[in-house]
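Reviewing the structure listed below.
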Amino acid sequence: GDRAITAMFLACPYRIDLAGRTATVDLPAYVAGLVATTLLTAQGERVNRPTFGASMQQFVFAPADGQIVSTAQTMLHTALVQWLGDIIRVESLTVGADGDELIVQLTYAIHPSQEMMTQVVRSGMGAA
């Protein structure tokens, strides 16, 4: 009989599964990992790609006034378009603060299926 073939991707960030093999995930989980990695990586952190990342952590201790929030939204959106623009289309991105955490909520469409995803990424002392 016909079996549906499900594409699997390496888990991002890379990890080993319980069977001792390279962990794999479906496309939405893979893209969510790429989004989180892009937002949470500080520019200059990657030796071979010093401009990679959104440097989200730099906003954790900044006062959450309108100008800082607007700057953060612009910088984070720009990084996502630059690094993941061929994989996702960002529909919305909001930045907020909760104590010592910066919270980014975004909605994006995954190319080419246009599957809509909503994701929350947290950065700060309380983030896990």
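The values are calculated or read from the model by the stated rules, or taken from the named source; none is laboratory data. Model, not experiment: these values are computed from the prediction. Cβ: placed from backbone, ideal geometry, glycine included. Neighbour counts: every protein chain shown. With ligands, DNA and RNA removed, areas are computed over all heavy atoms of the protein, side chains included. Shrake-Rupley method; radii C 1.70, N 1.55, O 1.52, S 1.80 Å.
Annotations for the structure displayed:
- Filter result (open to solvent by less than 70 Å² (accessible area, probe 1.4 Å) and either without any contact (Cβ under 8 Å) to a residue 12 or more places away in the chain or among the charged types (D, E, K, R) (or both)) within the stretch 88-104: D100, E101
- Which numbered condition S70 misses (of (1) closer than 20 Å to G124 by Cβ; (2) modelled with pLDDT of 90 or more): (2)
- Verdict on T24 being surrounded by 11 or more Cβ atoms within 10 Å (Cβ to Cβ) and free of Cβ contacts under 8 Å to residues at least 60 places away in the same chain: yes
- Conditions (1) open to solvent by 60 Å² or more (accessible area, probe 1.4 Å); (2) modelled with pLDDT of 95 or more; (3) not polar (S, T, N, Q); number of the one not met by L84: (1)
- From V81, V95, residue being part of a strand (DSSP E or B), of a type in the set (V, I, T) and under 14 Å from the mean Cα position of the chain (by Cα): V95
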